[in-house]
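To start, the structure itself, in structure tokens.
The values are calculated or read from the model by the stated rules, or taken from the named source; none is laboratory data. These figures come from a predicted structure and were not determined experimentally. Cβ atoms come from the backbone with ideal geometry, glycine included; neighbour counts cover every protein chain shown.
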Amino acid sequence: MIPNFIRRILEHRHFWRYATFSEVAELYASRLMRMLAINISVTFMGVFLYQNGYSLVFILGFWAAFFLFKAIIAIPAAAYAARFGPKHGILLSNLLYIPSMIAFTFVPEYGIPAMAVAIFFQGMSVPLYDLCYMIDFSKVKSVDHAGKEIATMNMIEKAAKGISPFLGGLLAFVAGPQAVMWSAALLFLLASLPLFKTAEPIEVGHQLSFKDFPWRGARNTIAAEVAVGFDAVSSGTVWSIFVAIAILGIGAGNEVYAELGVLVSVALFAALAVSYVFGKVVDSRRGGQLLVTGVIANSIVHLTRPFTVSPMNAAAVNVANETATTGYMMPYIRGLFDTADILGKRVAFLGITEVALNLGATFAALAALVMAAIIGEVDGIRAFFFVAAVAGLGILLSRFRLYKK
């Protein structure tokens with residue numbers, strides 16, 4: 001049903017050069033289910049740990065270890081994609097995420113060993129998926145309509161991300177957070193089903209090689225990816241736990257999951273409204289201006305976070321953040337794909353950017369950890385957002401050739 005629905009949307013839009021509509025629909029069906037699975041649970045993982053007695057400093061250390069492990073796994077993931085193809089990588093990634101979710105439900109009983117198992121499987125799954133999806137999408141995009149295609153991709157993701165925190169929060173409130181993890185595991189299994197009959201969009205059987213890699217042409221994007229990773233953790237992981245602790249309050253009950261889910265969902269649905277408009281901007285050759293505007297707006301949003309004192313304030317910040325992030329990410333992804341086309345070393349290039357992305361995420365988690373340890377949990381995170389405002393400006397280092405024309 002989901003592939004048929006997506007196929008009807010895409011058939012009228014000149015979207016894909018290489019993939020058939022059936023293949024694209026299956027890819028998006030899998031993407032939609034995976035986004036539901038991830039966002040039904042990931043928003044609440046830090047809250048779940050805090051509710052079970054772990055300090056904010058420990059939780060930030062947990063996330064830092066997770067992101068560092070992802071950075072280490074990124075190159076082997078790229079080698080797997082080159083050897084077996086991105087569709088096989090996406091399938092394996094979905095299956096690897098299942099034991100991670102199951103292990104996380106046993107944290108109250110087994111503590112750190114259960115977290116280690118969760119980090120291992122989730123850390124294997126996420127970079128493999130992100131890399132393979134980027135390879136797949138960058139290969140089948142249309143040059144003339146890339147902005148529109150990225151807008152559609154973004155709208156599908158935002159729809160899934162918008163509804164899943166609300167559903168996850170409601171489920172956690174009614175049945176407990178462990179029920180959310182088990183539901184996510186089931187969704188990852190369902191996300192794997194559309195991929196069993198899809199063809200690979202690239203020639204497989206290659207060995208990953210960095211010989212003659214054009215480092216000079218890639219270095220600006222690599223530097224910008226570090227800033228993108230830093231910003232993603234600041235806006236997501238750190239902000240969510242800050243809202244839960246400082247604004248909503250984490251008690252013994254499960255009300256905080258429902259409240260946090262509503263706040264996240266409202267903002268993500270708001271981003272749907274701007275995705276289509278921003279896609280038009282990218283295709284009208286004004287993506288460079290949109291990128292700069294989005295980055296600056298995103299930095300300003302970070303500066304407002306320390307002064308957020310109520311759920312209504314948090315909801316407004318979330319809406320502003322999603323608008324700003326969508327504003328810079330859509331032209332950024334378009335520029336990233338264009339750079340991959342120009343450099344030629346698509347898999348190697350995207351593998352390196354995945355390493356840089358996760359190193360940036362690691363730096364963000366460590367910076368928040370240090371500030372929370374020195375200044376205090378709440379005040380330390382407030383101070384961290386000022387650092388995030390500056391670090392996010394590093395995205396402007398990208399200097400994509402596409403926007404110099």
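When you scan the range 99-120, do you find a residue that is more than 26 Å from Gly53 (Cβ to Cβ) and in contact with a helix residue (DSSP H, G or I) (Cβ under 6 Å, 6 or more places away or on another chain), even just one? So far as the range 99-120 goes, no, none of its residues is more than 26 Å from Gly53 (Cβ to Cβ) and in contact with a helix residue (DSSP H, G or I) (Cβ under 6 Å, 6 or more places away or on another chain).
If you go through the range 203-240 and keep only what is at pLDDT below 75 and in contact with a Gly (Cβ under 6 Å, 6 or more places away or on another chain), you end up with just Val204. Restricting the range 75-88 to residues that are crowded, with 24+ Cβ neighbours inside 10 Å and out of contact with any Gly (no Cβ under 6 Å at 6 or more places or on another chain) leaves a set whose member that is modelled with the highest pLDDT is Ala77.
Any residue in the range 14-27 that is modelled with pLDDT of 60 or more and among the aromatic types (Phe, Trp, Tyr)?
Here is the first cut: in the range 14-27, the ones modelled with pLDDT of 60 or more are none.
No, because not a single residue in the range 14-27 is modelled with pLDDT of 60 or more and among the aromatic types (Phe, Trp, Tyr).
Here are Ile352, Ile375: which of them is under 22 Å from Ala77 (Cα atoms), of a type in the set (Val, Ile, Thr) and surrounded by fewer than 23 Cβ atoms within 10 Å (Cβ to Cβ)? Just one listed residue meets the conditions, Ile352.
Can you tell me which residue among Val319, Val370 is surrounded by fewer than 21 Cβ atoms within 10 Å (Cβ to Cβ) and farther than 27 Å from Met124 by Cα?
The match here is Val319.
Selection of the range 104-123 for residues being outside any helix (DSSP H, G or I) and modelled with pLDDT under 85 yields only Thr105.
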